[in-house]
Every structure is written in C-alpha cells, then in structure tokens.
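**Student:** Have a look at the structure that comes next, please.
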Amino acid sequence: MTTTSTVNSLVQPLGEFPPESVVFGRTEAMQAVRDRLAKLAGANVPVLIQGESGTGKDIIARMIHAASPWKGGPWVKVNCPAIPGTLLESELFGYEKGAFTGAYGMKPGRVEMAHRGTLFLDEISELDLALQSKLLQLLQDGQFCRIGAQEDKKVEVRVVCATNRKLEEEIENGTFRADLFYRINVVNLHLPPLRERAADIPELVSYFLEYHNRKYNCRAKPLSGELMAVLRKYHWPGNIRELENLVKRYVILGSEEVISTDLAPRPQDFFNAEIPVDGQISLKKLTRQCVRELERKVILKVLQMHHWNRKQAAKALSISYRALLYKIRDAGLPSNRAARQRAVEVPPKQEVAAD
Ligand SMILES: Nc1ncnc2c1ncn2[C@@H]1O[C@H](COP(=O)(O)OP(=O)(O)OP(=O)(O)O)[C@@H](O)[C@H]1O
Ligand SMILES: [Mg+2]
C-alpha cells in the first residue's frame, strides 16, 4: 500500500528563487521570457521550455507554478531520464493492485498527485512513444488510466515540459510524436544561452558571490575588471550552472587563478582568422602556418589569463617552463612588460619556409 509519506515525498518543495532582476537580467530575450511568463502563468495551458543545459529551465518552471493560481497546490517534478523506461509508466500513471507481478497494492502516479497543481516533465524527449500517447490523452481530455485499471480517471493539472533537445528534429527522426509536440507547445519559452546574455554576467556573478559567501561563510572579494571581461567573452558551454560553479569554486578556494585556468578556450575560437586559399596552394605550408598561428594565439591567451606569469601559464598549458620560454621567443611574443600591450595588436611573424 502506498503510504501518505511516500505520496508526499513525490510532491517536492518549490525551493527559493534568486531575485527577478537576477533571473531575467536586462537582455531583450530574457525580458521577453519575463513578459510571456507573466501572461501565461494564470492560464491553464501547457508550456514548453526549451534551452541548452544550465540555462534555467528548472527555475523558470518553478516560477510558472509560483505565479499561477494553483501555487497552493502540488508541484510535482518528473525527471524523465532518471527513471528507467520500464518504471516510468507506473511512476507517471500509477497502478492497481495485481496489475503486474509485484503490484501488491494500488499506487497513484505522479500525474494524479499533481491534481490541482503543476506537473513538470523534465527532459520530455526521453518519453518513449507509448508513454507519449498516454500523455497526449491526458493533455487532450484530462484523462488517464492507471496500469491495470478498468476505467479512466480525470485530473486537473497544468503540464509544463522542458527539453534541451530540438523536438522538431526528434519529430523528423520519428522519435517524438508531432501531435504531442503541438499539444505541449501551446506556449513556448526559449531560454537563451549565457553567451548571448553577456550583459547579464556581472549581475549574476555578484548574486552568486554574495549567495555563496553567505552559504559557506566566506569573504571572497568582487572579481577584478580584467577577469570579468574574460567571463563576458567566454562561450559558456554549461551556461549559468557553469558560471555558478565557477563562482562557488572562487568563493571556497579564494583565488582568481582557479577561475582563469577553468576557462578553456575552444579550438574553433582560434580559427576565426581568414585563411588565404586563392591561387596556388601549398597544403603543407598552410597547415604549418595554421598550427603556428593556433599555438601563438593559445599561448598569448593563456599568458593574458595568468597576468603574464609564465610559470603558471606553462602549468596551464601542460608544458615545461623552458619549453614555454622557447615557444614565446619562437612565436615572436613579448617577454617584457613594455612590449606586452603591443603584442595583442601585432600580427604573428609570417613564415617564409619553403615547402
Ligand atoms: N536566470 C538565473 N538566475 C540565477 N540563477 C540561475 C538562473 N538560471 C539558472 N540558474 C542557476 O543555474 C543552475 C542551473 O539551472 P537549471 O537547473 O534551472 O538549468 P536547466 O536549464 O534546468 O539545466 P538542465 O538542462 O541541465 O536540467 C541552478 O543552480 C540555478 O540556480
Ligand atoms: Mg533542468
């Protein structure tokens, strides 16, 4: 038999939110999300939240519940990939006594527990096609059937779904039902990646700094303007989660170096220069030039990140100090303070080597 405590354990607390000014920041895309959220919160329509991992889909889903007329009702989150496929149906829709071997008692599913509240289906693309049809029925007429039950049950629930995949592609691949997509996508919220919200980074950093200083009883100082400029240019593959973890590490370990070594540049960041491929091309020569140029840019960037401390830069590049000194000379990079500033603008030495 299902006890009240197991039922309640699936109805999670909503948790705290950062202030709205931090969550939505000042970029246009997030302002549009805020306006949409305010309009949709009160209407019982399904919402689809899309965005890369770490962009805040979870926070936004909780904010939708908190701003809805059902905020006093249950908030039930289902992390679809975390529940094995075979169990997901019974977790979502529940079962009757004797529905299958081992079903000794009746168990309500999470859909039922979310009655007069919000059901948040995280990573919706992980639902298999059979479960997608059951969900479609729920969205179409508010009815579902426990496994092994004779009759359908009715439930009033606001469904919010999230995904970091492109569902349109899943539809083309035949792994996601188009009709379900149109049902869950009545209102869509697209959360931009952090690299497109660079103007919001300082505010997020100061929020996380204060939050983690308080939480870990630390007194880490605000970040330097130099490092903040690096953060604004970084590509943030892990989005706000990555930024938060970075600030947390800084608060606990207390040094900016911990941050700069973590901000690994992408190889493609170094390939934005024009490559001359007109006329007669020597592939060998071109490849050598590209490798030298890439090496020069990487070394320069790492030196800048380490405030020109060559010992630290060598460590970050996983080469010996002597090897770095040799490469600095070879790439024509400056080794004294006065020449550093110019180095950023001066183009690399042109290689004149023959084939
Ligand atoms: N707008 C925001 N303001 C402040 N903190 C945020 C914001 N968005 C996300 N965060 C923080 O970043 C972390 C990741 O956020 P969240 O779990 O909501 O992302 P997600 O999009 O659901 O990621 P995933 O796809 O990996 O599940 C959390 O710790 C959250 O508190
Ligand atoms: Mg999430």
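**Student:** From the residues in the range 52-80 that are outside any loop (DSSP other than H, G, I, E, B) and within 10 Å of ligand 1 (Cβ to nearest atom), which one is surrounded by the fewest Cβ atoms within 10 Å (Cβ to Cβ)?
**Tutor:** N79
**Student:** Counting residues that are buried (at least 20 other Cβ atoms within 10 Å of the Cβ) and within 14 Å of ligand 1 (Cβ to nearest atom), which strands (runs of 3 or more DSSP E) fully inside the range 109-199 reach at least 2?
**Tutor:** Counting at least 2 such residues, we get 117-122, 157-163.
Residue-wise test of (1) within 16 Å of ligand 1 (Cβ to nearest atom); (2) under 21 Å from I299 (Cα atoms); (3) modelled with pLDDT under 60.
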residue: L243; (1), (2), (3): yes, no, no
residue: L246; (1), (2), (3): yes, no, no
residue: R249; (1), (2), (3): yes, no, no
residue: S255; (1), (2), (3): no, no, no
residue: A273; (1), (2), (3): no, yes, yes
residue: I281; (1), (2), (3): no, no, no
residue: K284; (1), (2), (3): no, no, no
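**Student:** Please name all residue pairs, on different chains or six or more residues apart, with Cβ atoms under 6 Å, provided the first residue is in the range 65-92 and is free of Cβ contacts under 8 Å to residues at least 24 places away in the same chain and the second residue is in a loop (DSSP other than H, G, I, E, B).
**Tutor:** Matching pairs, first to second residue: E91/I83.
**Student:** Let me ask you something else. Just a yes or no: is a residue in the range 287-310 modelled with pLDDT under 70, more than 19 Å from V230 (Cα to Cα) and among the hydrophobic types (A, V, I, L, M, F, W, C)?
**Tutor:** Scanning the range 287-310 turns up no residue that is modelled with pLDDT under 70, more than 19 Å from V230 (Cα to Cα) and among the hydrophobic types (A, V, I, L, M, F, W, C).
**Student:** Still on this structure: Starting from the range 154-178, take each residue that is assigned by TED's automatic domain parsing to the domain that holds N188 and list its partners that are hydroxyl-bearing (S, T, Y) and in a helix (DSSP H, G or I), counting only C-beta distances under 7 angstrom and pairs at least six apart or across chains.
**Tutor:** T163/S125; R165/S125; L167/S125; E170/S125; F176/S125
The values are calculated or read from the model by the stated rules, or taken from the named source; none is laboratory data. Note that this is a predicted model, so its numbers are computed, not measured. For neighbour counting, all protein chains shown are included, and Cβ atoms are generated from backbone atoms with ideal geometry for every residue, glycine included.
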